[in-house]
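The structure appears below as structure tokens.
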Amino acid sequence: MLALGIDPGTAICGYGLVRLERSRLIPVHYGAVFTDKDMLPERRLNKIYEELTDLIDRYHPDFMSVEKLFFNRNVTTAIAVGEARGVILLTAARAGIPVYGYTPIQVKQAITGTGRANKEQVTYMVQKLLHIEEKPKPDDVADALAIGITGLNFIREQELQERMR
């Protein structure tokens, strides 16, 4: 099973493709879509759409895991990230792949065992779970990989529960 994890953002939209084979997590491809702050907003969103569409066409993920938005300070940032998230959801819908959303606390819990983990702890566990020696950069990429792993863990858990019924 192949998951495409996405950490939504307008300036940096992290992505990570993670495959689950038996009980092993395998990093397939990861990186980020970068947009310039001087680009028109619609061009930034279009770049995210095009690059994610290319990834989906190339790798054919089974589903997409996207971080749910939680902002308590900067409304302007929240709106821009919300716009990027909308484009991400549209990209998945047009490709016909299901989307699962997870809060930052759910991702931290799934990756580290505690919802109060900091970024360094999440990145460390992503590296360990995926056997990656170098720290994924920028942080948005490590977050996207963590979101992909979270989706795989939730689906695996659901499948196990269904088998036990």
Query raised in the report: Taking segment 141-165 on its own, how many of its residues are of a type in the set (D, E, K, R) and either in contact (Cβ under 8 Å) with a residue 12 or more places away in the chain or touching a Phe, Trp or Tyr at 6+ places or on another chain (Cβ under 9 Å) (or both)?
Result: 2
Query - Odd one out for VAL141 among (1) under 17 Å from the mean Cα position of the chain (by Cα); (2) surrounded by fewer than 21 Cβ atoms within 10 Å (Cβ to Cβ); (3) modelled with pLDDT of 95 or more; (4) not hydroxyl-bearing (Ser, Thr, Tyr) - result: (2)
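Looking at segment 13-28, which of the residues that are open to solvent by less than 50 Å² (accessible area, probe 1.4 Å) and either free of Cβ contacts under 8 Å to residues at least 60 places away in the same chain or of a type outside the set (Gly, Ala, Ser) (or both) is nearest to LEU45 (Cα to Cα)?
The initial filter retains those residues of segment 13-28 that are open to solvent by less than 50 Å² (accessible area, probe 1.4 Å), namely 13-18, 20, 25-27.
Within this subset, residues satisfying the condition of being either free of Cβ contacts under 8 Å to residues at least 60 places away in the same chain or of a type outside the set (Gly, Ala, Ser) (or both) are 13, 15, 17-18, 20, 25-27.
Values: CYS13: 10, TYR15: 15, LEU17: 21, VAL18: 24, LEU20: 30, LEU25: 30, ILE26: 29, PRO27: 26 Å.
Checking each candidate, the answer is CYS13.
Residue under question is HIS131, and the condition is that it be touching a Pro at 6+ places or on another chain (Cβ under 9 Å) and open to solvent by 60 Å² or more (accessible area, probe 1.4 Å); does it hold? Can you show your working first?
On the way: touching a Pro at 6+ places or on another chain (Cβ under 9 Å): yes; open to solvent by 60 Å² or more (accessible area, probe 1.4 Å): yes.
The answer is yes for HIS131.
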Query raised in the report: Taking segment 83-115 only, how many residues are open to solvent by 40 Å² or more (accessible area, probe 1.4 Å), touching a Ser or Thr at 6+ places or on another chain (Cβ under 8 Å) and β-branched (Val, Ile, Thr)?
Result: 1
Query raised in the report: In segment 29-50, which residue that is touching a strand residue (DSSP E or B) at 6+ places or on another chain (Cβ under 7 Å) and over 13 Å from VAL81 (Cα atoms) is surrounded by the fewest Cβ atoms within 10 Å (Cβ to Cβ)?
Result: HIS29
Report summary line: In segment 60-69, anything under 16 Å from CYS13 (Cβ atoms) and in a loop (DSSP other than H, G, I, E, B) is listed as PRO61, LYS68, LEU69
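The values are calculated or read from the model by the stated rules, or taken from the named source; none is laboratory data. Given the structure is predicted, the values throughout are model-derived calculations rather than measurements. Every residue, glycine among them, receives a Cβ derived from its backbone with ideal geometry; neighbour counts consider all protein chains shown. Protein only, heavy atoms only, side chains kept; ligands, DNA and RNA dropped before computing areas. Shrake-Rupley method; radii C 1.70, N 1.55, O 1.52, S 1.80 Å.
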